Amino acid sequence: MFEKFYTRFIPVAKGRYIWPGIVLIILFNTVFFPLPPARFLENNTLSGRLLDLKFSYNAAETYALIDSYGAEGRTLYWKMALVVDNPYAVVYGISFMLILIFVLSVSFTESRFLKTLAFLPILAALFDLLENGSIAYLLISFPVSHVALVQFASFCTSMKWISLVGAVFLLIYGAAKYLTYRSA
């Protein structure tokens, strides 16, 4: 199944489709993510303490952090999660997948397993979307406690990071293989 998708995406995995995604990723990381917290929060209470930047978290840690954000910080965080981070997940998922397909299509033409792994960024993006919805609900419903939802959000966060790290290693491996093949 993944091989058919992979084959269909090969013609799209070209610079003219990849570069706009890279530009959008840079734009998100330099403008959309840093600007609102710095502009709207006097003490930048969210800085460095966002749940979705951690690898995992438990209920006690989650609710201590959510409480520390304050009402204004909680409102900003859930809005950022839904309005900015969700489109970002879609953009990085598709862009990173296309980059992987491009690299793998020239490095590993016969490996079905690696072709399947090219979709890791999409998996990461799906977990990111689930994580964002869960965190937004936790922020909106605070101070009501939802321990099971915290566990689900933490699982999604961990799976997002595992998928992304795996995709980065795959990209490095594919690029190294391509460069050594090309120079030989």
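Just so you know, all these numbers are worked out from the coordinates, no wet-lab data involved. Treat the numbers as computed from the prediction; the structure is a model and nothing was measured. Note that each Cβ is placed from the backbone with ideal geometry, even for glycine, and that neighbours are counted across all protein chains shown.
If packing is taken as the average count of other Cβ atoms within 10 Å, what order do 84-96, 16-28 fall into, highest mean first?
84-96, 16-28
Rounded to whole Å, give me the distance from the Cα center of segment 99-174 to that of segment 1-26.
Cα centroid of segment 99-174 versus Cα centroid of segment 1-26: 17 Å apart.
Give me the extension gain from Ser111 to Lys4: residue separation times 0.36 nm, minus the current Cα-Cα distance, reported in nm with one decimal.
37.2 nm
Beta carbons within 10 angstrom, averaged per residue: use that to sort the peptides 55-64, 73-82, highest first.
Going from most to least packed, we get 73-82, 55-64.
Let me confirm the definition first: pairs of Lys residues in segment 27-184, 8 or more apart or on different chains, C-alpha distance under 27 Å. How many are there?
Close lysine pairs under the 27 Å cut-off: 6.
If packing is taken as the mean number of other Cβ atoms within 10 Å per residue, what is the order of 98-109, 168-179, highest first?
Listed from highest to lowest mean packing, they are 98-109, 168-179.
Under the rule of -39500 (n - 2.57) per DSSP H run of 4 or more residues, summed and divided by the residues of the chain, what mean residue ellipticity at 222 nm is obtained, to the nearest 500 deg cm²/dmol?
-24500 deg cm²/dmol
In percent, what relative contact order does segment 47-184 have, based on Cα pairs under 8 Å that are 6 or more apart in sequence?
Worked out over segment 47-184, it gives 36 percent.
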